[in-house]
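Here is the structure we will look at, set down as structure tokens.
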Amino acid sequence: MKFIGAGARPGRPQVDRDVVYTIPNLLTVVRFMGVPLFIWLVLAQHEYGAGVVVLAVMAGTDWIDGYIARRFDQASRLGRVLDPIADRLAMIAVAVTLVIAGVVHWLYLAALVIPDAVLLAMTLFFFHGHPDLPVSVVGKVRTGLLLLGTPLLVFSRLDTGFSGQLFAAAWVVLGLGLVGHWVAAYNYFRAILRKGRELKRHDGGTA
């Protein structure tokens with residue numbers, strides 16, 4: 001069973017419908033709600049085990065909502081915007097939480113935020129809103145690695161008897177995720193620049 005693009009039906013193009021109330025959008029909202037819950041569990045309660053469960057649910061909904069959207073034709077324009085926002089919010093908010101908790105160094109947070117900040121500035125400059133670019137395979141793999149490595153890292157804080165091995169495995173996965181993060185950001189940078197220039201050239205030609 002494939003994980004990337006799971007649920008897609010060959011020969012049937014995916015159409016983003018102008019609807020709001022869909023199961024994938026509901027799951028995306030659940031992912032949004034998981035962020036403050038994780039922050040509260042880790043910073044206020046120091047419940048790392050429960051935090052791992054929340055992260056696992058958030059990672060699961062990220063895959064499940066995409067599967068349902070493709071398999072049951074529930075893709076929507078709103079979901080196409082909300083889903084990556086939920087992913088970014090989750091990754092950055094969780095990273096900030098782990099920095100405050102002393103689990104990761106602030107450089108990890110910087111490695112996540114800097115590429116996204118550059119892409120956000122370019123998006124606002126060229127489009128004043130969502131750039132409407134397709135999610136790349138590298139971007140999907142990157143998100144999966146970061147969503148897998150983070151709970152492993154949190155889990156390594158528990159006294160399990162193999163915390164050292166979990167810590168090492170978590171950073172291998174997170175390291176690969178960070179490499180993918182920068183590669184995906186570079187690809188999006190080029191795509192935004194190319195589409196933005198074409199848009200300005202078109203607007204200039206029709207003015």
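Points to keep in mind about this one:
- Residue 132, sole failed condition from (1) surrounded by 17 or more Cβ atoms within 10 Å (Cβ to Cβ); (2) at pLDDT below 95: (1)
- Number of residues in the stretch 122-152 that are in a helix (DSSP H, G or I), without any contact (Cβ under 8 Å) to a residue 60 or more places away in the chain and closer than 19 Å to residue 80 by Cα: the value is 4.
- When we screen 183, 104 for residues that are within 27 Å of residue 44 (Cα to Cα) and surrounded by 14 or more Cβ atoms within 10 Å (Cβ to Cβ), the only hit is 104.
- Note on the stretch 135-162: among residues that are at pLDDT 90 or above and hydroxyl-bearing (Ser, Thr, Tyr), the one that is farthest from residue 188 (Cα to Cα) is 156.
- Close Cβ contacts (under 7 Å, 6 or more residues apart or on different chains) running from residues in the stretch 39-60 that are in contact (Cβ under 8 Å) with a residue 12 or more places away in the chain to residues that are part of a loop (DSSP other than H, G, I, E, B) comprise 41/47; 42/101; 43/101; 48/157; 48/158; 49/158.
- So residue 154, is it closer than 22 Å to residue 51 by Cβ and among the β-branched types (Val, Ile, Thr): yes
- Every residue from the stretch 187-196 that is exposed (fewer than 15 other Cβ atoms within 10 Å of the Cβ) and out of contact with any helix residue (DSSP H, G or I) (no Cβ under 8 Å at 6 or more places or on another chain): 190, 194
- Selected residue (only one of 15, 20 is in contact with a helix residue (DSSP H, G or I) (Cβ under 6 Å, 6 or more places away or on another chain), part of a loop (DSSP other than H, G, I, E, B) and at pLDDT below 95): 20
- Selected residue (criterion: nearest to residue 24 (Cα to Cα)) from residues of the stretch 41-87 that are at pLDDT 90 or above and outside any helix (DSSP H, G or I): 47
The values are calculated or read from the model by the stated rules, or taken from the named source; none is laboratory data. This structure is a prediction, so every number in the text was calculated from the model and none was measured. All Cβ positions, glycine included, derive from the backbone under ideal geometry; neighbour counts span all protein chains shown.
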